[in-house]
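The values are calculated or read from the model by the stated rules, or taken from the named source; none is laboratory data. Because the structure is a prediction, the values reported are computed rather than measured. For neighbour counting, all protein chains shown are included, and Cβ atoms are generated from backbone atoms with ideal geometry for every residue, glycine included. Keep in mind that these areas ignore ligands, DNA and RNA; they rest on the heavy atoms of the full protein, side chains included. Shrake-Rupley method; radii C 1.70, N 1.55, O 1.52, S 1.80 Å.
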Amino acid sequence: MANILIVDDSGMSRKKLKTILENGSHTVVGEAQDGLEGIEQFKTLAPDLVTLDVTMPNMDGISCLESLLAIDEDARVVMISALGKGDTMLEALNLGAANYITKPFEAEQVLNAISDALNMD
Amino acid sequence: MFNKYFGNYILTRKILTPGQLKQVLSKQASIRVKLGILAIEAGVMTSFQVNRVHKLQTLQDRRFGEIAVSEGFLTEGMLSELLDRQKTSQITLGQILVDEGLLDYGEYESLLADYQKDAGFSDQEIQILKSNNTDAIVSLFIDMEKTGVVKLFSEYIELFVRNIIRFIDRDVIISKPYQADTYCFKHYAGQQITGDHAISTGISADDPVFTKFASIYAQESLTGVDEMARDAIGEFMNSQNGLFVSNLYHKNINCDLAPQQYQTNSTIEKRNQLFVAPCELSFGKIEIVFNI
């Protein structure tokens, strides 16, 4: 199972995600409240996978995704956002996100997306 | 939904006490015929398929019937038949009032006519109210000239009411929205929509209602307007606006969202038009703000 970093400005979403991930036998190694914090924690924690919100203060998820992939081009990132419009989803996937889930999410959906991302070549 | 509006009218007329109405509505809830139940009874869907559709409804802003058809569980023809049957089962409040001996048939008929007259509904409008079509009912209450901005506001409120029904409270009653130059609030969770439309959206309520709303959405018991409560309502707004922006995108209108913000004891000034839509929930009143 994987070491995962959660990046989301919503405490409620982080809490819900953490419960889902831990129930799925993953380990949540860090939680960040915006893109800037996410990058710092990514550098120090070297997680196997990052769940990344899009709409956040200070640095949004798309900018954060670009930075994470600049640090590690093989970074596995699953976007989890309420913003489900096509151009944002395509932009994230074209940049290199492994998957994109829209909120509100369910446990099965999150765990499947993470499993798929971890098993990508 | 007609039963809720009519029930509210019955209280206003003091024909029943709140306790009596609650008793009646609890009986009504127990016999309310849902589309899924109708589908099972008609033998056109299995309970597994119904459960599957209910599960998908928590993830998608779509009605039971739409999902059932797209999943291949129902044909359009079957859905149409079920919807017809469901409409005929929307008289339960009146039926129970009569069955319980709280009103006789004559009093019920007269009360319905009074309601239509006092609320100022035409025959066509009262049929819309009885149709159980949330979007049409919301549109009915937005009694404003249908400019482009009012249409946008109407779509926003229709989606909002559907989300309240999905996530918070089936017993929502919308009142007539109004426009204002300024708006004062106690607790306010807001979010800016940016891009082709610049709109400040938000939800306001007093302490107990804000807390209860947040508790239901967060699915945990909260005791006051703390960080988790603020966060939960912010996330509700984020989900609402995420869907709204996605719907706009399908019409080639490109918008984005700013991070949600919480404010307390403050005032909002009108941009070009400031709309406020009051909504009565079973645990109190909220107001939806749409400042464009």
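Which pairs break 30 Å Cα to Cα here: B:K22/B:K212; B:K176/B:K212; B:K55/B:K117?
Violating the 30 Å Cα-Cα cut-off are B:K55/B:K117.
Taking a cut-off of 16 Å between Cα atoms, list the lysines near A:K85, but don't count ones fewer than 8 places away on the same chain.
A:K103, B:K251
Take the alpha carbon gyration tensor of region A:1-78, find the square roots of its eigenvalues, order them as a ≥ b ≥ c, and report rounded if a/c is under 1.5; if not, report prolate when a/b exceeds b/c, else oblate.
oblate
Compute the Kirkwood hydrodynamic radius of region B:100-188, taking the inverse of the mean of 1/r over all pairs of distinct Cα atoms, and give it in Å to one decimal.
Roughly 15.4 Å, rounded to one decimal.
Taking only the alpha-carbon atoms of region B:46-169, what semi-axes of the equivalent ellipsoid follow from 5 times the gyration tensor eigenvalues under a square root, in whole Å, largest first?
29, 23, 13
Of B:V245, B:N163, B:I137, which is farthest along the charge dipole of region B:134-246 in the positive direction, counting Lys and Arg as +1 and Asp and Glu as -1 at C-beta?
So the residue furthest toward the plus end is B:I137.
Please state, as a whole number in µm²/s, the translational diffusion coefficient that the Stokes-Einstein equation yields for region B:148-292 at 37 °C and 0.692 mPa s, with Rh defined as the Kirkwood radius across alpha carbon pairs.
Rounded, D is 217 µm²/s.
Students often forget the sequence filter, so: which aspartates and glutamates lie under 13 Å Cα-Cα from B:K151 once same-chain residues fewer than 8 apart are removed?
Output for B:K151: B:D135, B:D143.
Counting Lys and Arg as +1 and Asp and Glu as -1, each charge on the Cβ, what is the dipole of chain B about the Cα centre in debye, to the nearest 20?
In debye, rounded to 20, chain B gives about 220.
Tell me, what is the 1.4 Å probe accessible area of B:C184, in Å² to the nearest 10?
Its heavy atoms expose roughly 90 Å² to the probe.
Show that you can apply the helix-only estimate: for chain B, add -39,500 (n - 2.57) for every DSSP H stretch of four or more residues, divide by all residues, and state [θ] at 222 nm to the nearest 500.
-16500 deg cm²/dmol
Using every Cα-Cα pair within chain B, state what percent have a distance larger than 26 Å.
For chain B, the fraction of Cα-Cα distances above 26 Å is 51 percent.
Taking 2.2 N^0.38 Å as the expected size of a compact globular protein, what ratio does the Cα radius of gyration of the protein assembly as shown give against it, to two decimals?
1.07
Given +1 on the Cβ of Lys and Arg, -1 on the Cβ of Asp and Glu, and no further charges, what dipole in debye does chain A carry about its Cα centre, rounded to the nearest 20?
380
Given the protein chains as shown and a 1.4 Å probe, how many square angstrom of B:H250 are accessible, to the nearest 10?
150
Is there a simple number for the mean count of other chain Cβ atoms within 10 Å of the Cβ of residues in A:76-84, and what is it?
Other-chain Cβ atoms within 10 Å of each residue's Cβ, averaged: 4.
Name the residues whose placed amide hydrogens come within less than 5 Å of the amide hydrogen of B:L257, ignoring near sequence neighbours (fewer than 5 apart) on the same chain.
Sorted by chain and number, the residues that satisfy this are B:T194.
Which order do the peptides A:81-90, B:115-124 come out in when sorted by mean C-beta neighbours inside 10 angstrom, highest first?
Peptide ranking by packing, descending: A:81-90, B:115-124.
Below 25 Å, Cα to Cα, which lysines can A:K43 reach? Residues fewer than 8 away in the same chain don't count.
A:K15, A:K16, A:K18
Quote the charge dipole size of the protein assembly as shown about the Cα centre in Debye, to the nearest 20; the model charges only the Cβ of Lys and Arg (+1) and of Asp and Glu (-1).
The dipole of the protein assembly as shown has a size of about 1180 debye.
Keeping all protein chains in the complex and leaving out DNA, RNA and ligands, what accessible area do you get for B:D231 with a 1.4 Å probe, in Å² to the nearest 10?
Spelled out: B:D231, probe radius 1.4 Å, area about 30 Å².
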